[in-house]
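Okay, so here's the structure we're looking at.
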Amino acid sequence: MNTDEQEELRATVRSALQRDDAAAILAEQLGAFGLAIPEEHGGIGCTLADTQILCEELGRAASPVPYLSSAVLVPQALLAAGAHDRLPALAEGASKGALAWAEGNTWDPAAIRAEVRDGRLYGVKEFVLDGAEADFLVVPALLDGSLAIFEVADVSAAAVEPLVPMDQTRAQARVTFDGTPATLLSTDGEAVLERLLAVAAVALSGEQLGGAERCLELTLEYVKTREQFGRVIGSFQAIKHRLADMYVLVESSRSLSRDAARALAEDAPDLAERAAMARSYCAEAFQTCAAETIQLHGGIGFTWEHDAHLYFKRAHSSAQLFGTPAWHRARLARKVLAA
């Protein structure tokens, strides 16, 4: 159950996201980019459970605001690495960071082949969220054969190629490093990436919950007004059954996502398992709800004039980010078997 303060935050964010200058309002008036950054580093000092409210609302609006990358992943990477210099500017929204992690089509830490030799970074990173707009990059790479975390302060020293993803509400880029100067932040790359994987899984589950919930809302509104054979289509039993299934997916997603957010805020010992469950379930629930939204809207649902396609694309794109549902289930199974 959320507190009154959290629900007030939700209402304020929802209102802000209806504005064209939403990013500026979130950063300058609400301080949302510093929500989970400690006060001693220029932030507000709330928990990641509070940040989850932002993620839910951003997902509900299918918003292009670069919150996941610059306000969640990068600050948490810097905190986990013990590197604090960039945090005040991130908290103010005065600087944008991006996490350059994936190689090929996977976020598996064992697949990382980018490496640093003599302070120079070599390798290619894919699907870098908001990479083309970033002022600096946080990059996991090999150092003498072991995973470490680096900062690339001069993004112009790398080749940044904006991509054209299916989900055009979320900017992505390919970044090629060929002798790019890099500064070591942490030699404990495995621990940092394990933490970041949980952070990404939980944050995305929040976005997916928000998106699924909005799909249900849009569909409910439509079936109450669309008539066929002299009746509103929402009165047909077959439609009611499909809406009931969507409702169950949304409410189950809510339980799992918010439980995982609490585990993240409390740094629970079973965080990895709860994050994997939330990520896996919410991703597939959102995909199903988005598909049902298009189907139940009929012809209009297949057009660019309706928002249904935005949620459908976001659902399928976000299901691939930071590991597919199947990959997270496989990791969860290995942890359970190893226990």
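The values are calculated or read from the model by the stated rules, or taken from the named source; none is laboratory data. Note that this is a predicted model, so its numbers are computed, not measured. Glycine gets a Cβ as well: all are built from the backbone with ideal geometry, and neighbour counts include every protein chain shown. Heads up: the accessible areas ignore ligands, DNA and RNA and are worked out on the full protein's heavy atoms, side chains in. Shrake-Rupley method; radii C 1.70, N 1.55, O 1.52, S 1.80 Å.
With R₀ fixed at 22 Å, the C-beta to C-beta distance from GLN6 to ASP267 puts the FRET efficiency at about 0.70.
Calculated [222 nm] ellipticity per residue, helices only, for the chain: -15500 deg cm²/dmol; basis is -39500 (n - 2.57) per DSSP H run with n ≥ 4, divided by all residues, nearest 500.
For the pair THR225 and GLN18, a Förster radius of 22 Å applied to the C-beta separation gives a FRET efficiency near 0.50, rounded to the nearest 0.05. About its Cα centre, the stretch 73-206 has a charge dipole of approximately 120 debye under the convention of +1 per Lys or Arg Cβ and -1 per Asp or Glu Cβ, with nothing else charged. Isolated cysteines in the chain, defined as those with no second cysteine Cβ under 4.7 Å, comprise CYS46, CYS55, CYS282. Every pair of different Cα atoms in the stretch 1-46 enters the Kirkwood calculation, which places the hydrodynamic radius at 11.2 Å. Computed over Cα pairs, the Kirkwood radius of the chain leads via Stokes-Einstein (0.692 mPa s, 37 °C) to a diffusion coefficient of 160 µm² per second. Across the accessible surface of the chain, with the other protein chains kept in place and a 1.4 Å probe, carbon and sulfur atoms take up 51 percent. Distance from a point 7 Å along Cα→Cβ of VAL232 to each backbone N in the stretch 289-304: keep the residues under 20 Å and list them by number. Correct set: 293-301.
A Förster radius of 22 Å combined with the Cβ-Cβ distance from GLN295 to ALA326 puts the calculated FRET efficiency at roughly 0.35. Taking chymotrypsin sites (Phe, Trp or Tyr not before Pro) in DSSP loop conformation with at most 11 other Cβ atoms inside 10 Å as exposed sites, the chain has its longest uninterrupted site-free stretch at 1-228. Using only the Cα atoms of the stretch 76-177, build the gyration tensor, take square roots of its eigenvalues as a ≥ b ≥ c, and label the shape rounded, prolate or oblate: rounded if a/c is under 1.5, else prolate if a/b is larger than b/c, else oblate. Since a/c reaches 1.5 but b/c is at least a/b, the shape of the stretch 76-177 is classed as oblate.
Under the classification rounded if a/c is under 1.5, otherwise prolate if a/b is larger than b/c and oblate if not, where does the stretch 197-327 fall, given a ≥ b ≥ c as square roots of the Cα gyration tensor eigenvalues? Verdict is prolate for the stretch 197-327.
Highest mobility in the GNM of the chain, judged by mean-square fluctuation with C-alpha springs under 10 Å and restricted to ALA157, ALA36, ALA173, is found for ALA157. Within the chain, the longest run free of trypsin sites (Lys or Arg not before Pro) that sit in a DSSP loop with at most 14 other Cβ atoms within 10 Å is 225-339. Charge dipole of the stretch 90-133 (Cα centre as origin; +1 on each Lys and Arg Cβ, -1 on each Asp and Glu Cβ, all else neutral): 160 debye, rounded to the nearest 20. If I build a Gaussian network model for the chain, linking alpha-carbon pairs within less than 10 angstrom, which residue out of LEU99, LEU264, LEU296 has the largest mean-square fluctuation? In this elastic network of the chain, the residue with the biggest mean-square fluctuation among LEU99, LEU264, LEU296 is LEU296. Please identify, among ASP144, ASP178, ASP307, the residue showing maximal mean-square fluctuation in a Gaussian network model of the chain using a 10 angstrom Cα cutoff. With Cα springs under 10 Å in the chain, the top fluctuation among ASP144, ASP178, ASP307 is at ASP144. Projecting the Cα atoms of ALA285, LEU296, ALA212 onto the charge dipole of the stretch 198-305 (Cβ charges, centred on the Cα centre) puts LEU296 farthest toward the positive pole. Computed with a 1.4 Å probe over protein heavy atoms only, the accessible surface of the chain comes to 44 Å² per residue. Computed from point charges on the beta carbon alone (+1 for Lys and Arg, -1 for Asp and Glu), the dipole magnitude for the chain about its Cα centre is near 1220 Debye. Under 24 Å of direct C-alpha separation, and excluding same-chain neighbours fewer than eight residues apart, LYS125 reaches these lysines: LYS96, LYS313. Listed by chain and number, the lysines placed with their C-alpha closer than 17 angstrom to that of LYS240 are LYS224; residues fewer than eight positions away on the same chain are left out. Computed extension gain for LEU184 through GLN29, at 0.36 nm per residue and net of the alpha carbon distance, reaches 52.4 nm. How would the stretch 121-270 be classified by its alpha-carbon gyration tensor: rounded, prolate or oblate, with rounded meaning a/c under 1.5 and the a/b versus b/c comparison settling the rest? Cα axes put the stretch 121-270 in the oblate bin. Long hydrophobic helices in the chain: the complete DSSP H runs spanning 24 Å or more by Cα along their own axis with mean Kyte-Doolittle hydropathy of at least 0.5 are 189-223. Taking label positions 7 Å along the Cα-Cβ direction at both TRP304 and ASP245, the computed distance is 3.1 nm, reported to one decimal.
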